[in-house]
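Structure first, then comments.
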Amino acid sequence: MNQAPIDNIGISRGSLKSYLTGFVLALILTAIPFAMVMSRAFSPGVTLIGIFSAGVVQILVHLHYFLHLDTSSAARWNVLAILFTLLIMIIFVGGTLWIMSNLNYRMM
């Protein structure tokens, strides 16, 4: 009977350099919106777009450097699970906003 070891199936471990790169990028992507808000050098709309875009990039940095999700075949199931979770969250939040808007319209 040929049994494959379960310890290394689908697991990709990062190096110290990879973790430090992710940590530094996460710090920078946290400091940029903080500096934008504290300096008040930008309009509120530009600041909001900056905060949102830094947040999206930071999510991608965390997924790549800390959760090790990339385009390899081993991580494909994890990516599909995350995409399914995002779909469910979009349906849940969108449905909630739709229902609340409808209730607000009917109450007026």
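The values are calculated or read from the model by the stated rules, or taken from the named source; none is laboratory data. Since the model is a prediction, treat every value here as computed from it, not as a measurement. So basically every Cβ, Gly included, is an ideal-geometry build from the backbone, and we count neighbours across all protein chains shown. Keep in mind that these areas ignore ligands, DNA and RNA; they rest on the heavy atoms of the full protein, side chains included. Shrake-Rupley method; radii C 1.70, N 1.55, O 1.52, S 1.80 Å.
Of the residues making up segment 63-98, those that are touching a helix residue (DSSP H, G or I) at 6+ places or on another chain (Cβ under 7 Å) and either in a helix (DSSP H, G or I) or modelled with pLDDT of 90 or more (or both) are TYR65, PHE66.
Only residues that are under 20 Å from the mean Cα position of the chain (by Cα), open to solvent by less than 100 Å² (accessible area, probe 1.4 Å) and at pLDDT below 95: list them for segment 12-25, please. Matches in segment 12-25: SER12, GLY14, SER18, TYR19, LEU20, THR21, GLY22. Which residues, counting only those in segment 59-73, are aliphatic (A, V, I, L, M) and open to solvent by 90 Å² or more (accessible area, probe 1.4 Å)? Listed by number, the residues that qualify are ILE59, LEU60, LEU67. Does SER101 fit the bill of being at pLDDT 90 or above, in a helix (DSSP H, G or I), loosely packed, with under 13 Cβ neighbours inside 10 Å and not charged (D, E, K, R)? So SER101 fits the description; yes. The residue pairs whose first member lies in segment 31-58 and is open to solvent by 40 Å² or more (accessible area, probe 1.4 Å), whose second member is among the β-branched types (Val, Ile, Thr) and not in a loop (DSSP other than H, G, I, E, B), and whose beta carbons are closer than 7 Å, counting only pairs six or more residues apart or on different chains, are VAL37/THR47.
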